[in-house]
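Here the structure comes first, spelled out in structure tokens, and everything after it is commentary.
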Amino acid sequence: MDQNRVYFFDTTLRDGEQTPGVSLQTPEKIEIAKGLVRLGIDVIEAGFPAASPGDFEAVQTIAREVKGATICALARANEKDVQKAIDALKDAERSRLHVFIAISELHMEYKLKMTRQEVLDKVKSVLAYAKGKVDEIEFSGEDAARSDLDFACQVFGVAIAGGATIINVPDTVGYMNPNEFGDKIRYIKEHTPGIENAIISVHCHDDLGLANANTLAAIKAGARQVEGTINGLGERAGNVAIEEVVMALKTRHEYFDDLQVNIDTKQFTKVSKLVSRLTGVVVPPNKPIVGSNAFAHESGIHQHGMMSNPETYEIMTPESVGAEKTDLVLGKHSGRHAFADHLAKLGFQSFTEEKINDLFAKFKELADRKKQVYDDDIIALVVDNLHHK
Ligand code: KIV
Ligand code: ZN
């Protein structure tokens, strides 16, 4: 693994499918997985084979039919789950088993009813069972962000000794703040035995709207794999949105030490629409990167700036994420410049300045009544004005 590169692990088909109300059929999962390959995703978590026969079949079919990315399957830390995942991954071009067990005091006491020693023993035995049966093993300490850090380092050390080469640190309930999470990743990097032979991964949930900031802080601290989903789908408030992390790394590449990201960002809009259509989860218009307003400008001041130099109000181009070119939306905040420009685009090019002023005044009256003024409204306004003069 290259420490100068950030690897992307997509869990749209596993954690993303845990979005309330979302259930995907195998052909739909295949379509999404192929879209993720076109995007350049390194690892696709295809599902949780022990969860249901349908999940097993989906992972098996993806492993057989989708080439060009590592295919991963999730398993709890028990031999039955692990064997199911191994079986489902059998035909993958490259396979990854993802074993997890909770490591916070809260989860160990109330959910697992296990002691620290029992958890350590379990990790050791289950990895001994899995070793050599897949191409690579990832270990996740569920709720690691809220666990005792020295215990987390101890468990991660046992997992590495048992053959795990990817150590995932989930902020399972989206509880972290960026500086705090960055410090934890740094501590894990410094105190986990054998960590120099593994890659640190993070998996941030968005309960406080901090998933992207936490992920970026973790990368600054040395994490080199990011787990997330398209459109930020996932349990509760969702997982970190991969498109947001990638565009933050690319847009501010100098801040992130020019870390390499092998993602074809021009695919983002297409893959976002595909996931939205197949899951039925609508993308909010103001969603960064892929929302319909992400490159729309309404206020006159902004529109004027955009017409002089797009860099005044855009830090990335719509083309760079495969979106339609910038939309100067006409509304009550729009200025005369944008209005005149729009008239010309609609074919009304020979109006005098006085005429444009007159039409602009009428447009403002209309915009006060209507939230958004469409091309048909402007054409009607011009035609009406011509008839009455
Ligand atoms: O949020 C979480 O902790 C998970 C693990 C299974 C990685 O999804
Ligand atoms: Zn999760």
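Length available on full extension from D258 to F360: 0.36 nm per residue minus the Cα-Cα distance, which gives 32.0 nm. Among the GluC sites (Glu not before Pro) in region 193-277, those placed in a DSSP loop whose Cβ has at most 11 other Cβ atoms within 10 Å are E254. Take the alpha carbon atoms of region 182-233, find their center, do the same for region 356-389, and report the distance between the two centers in whole angstrom. When both Cα centres are located, 52 Å separates them.
Residues of region 259-291 with the amide nitrogen closer than 11 Å to a label point 7 Å from the Cα of Q372, along Cα-to-Cβ, please. Once the point is set 7 Å along Cα→Cβ of Q372, 285-286 turn out to lie under 11 Å by backbone N, inside region 259-291. Placing a label point 7 Å from the Cα of N4 along the Cα-to-Cβ direction, the residues of region 244-268 with a backbone N closer than 11 Å are 258-260.
Its Cα gyration tensor gives region 226-356 an equivalent ellipsoid, and the semi-axes of that ellipsoid, as √(5λ) in whole Å with the largest first, are 34, 18, 12. Across the chain, C-alpha contacts under 8 Å between residues 6 or more apart give a mean separation that, scaled by the residue count, equals a relative contact order of 13 percent.
Each reported figure results from applying straightforward, stated rules to the coordinates on display, with no laboratory input. It should be emphasised that the depicted structure is a prediction, and the values quoted were computed from it without experimental measurement. A quick note on method: Cβ atoms are made from the backbone with ideal geometry, for glycine too, and the neighbour counts reach across all protein chains shown.
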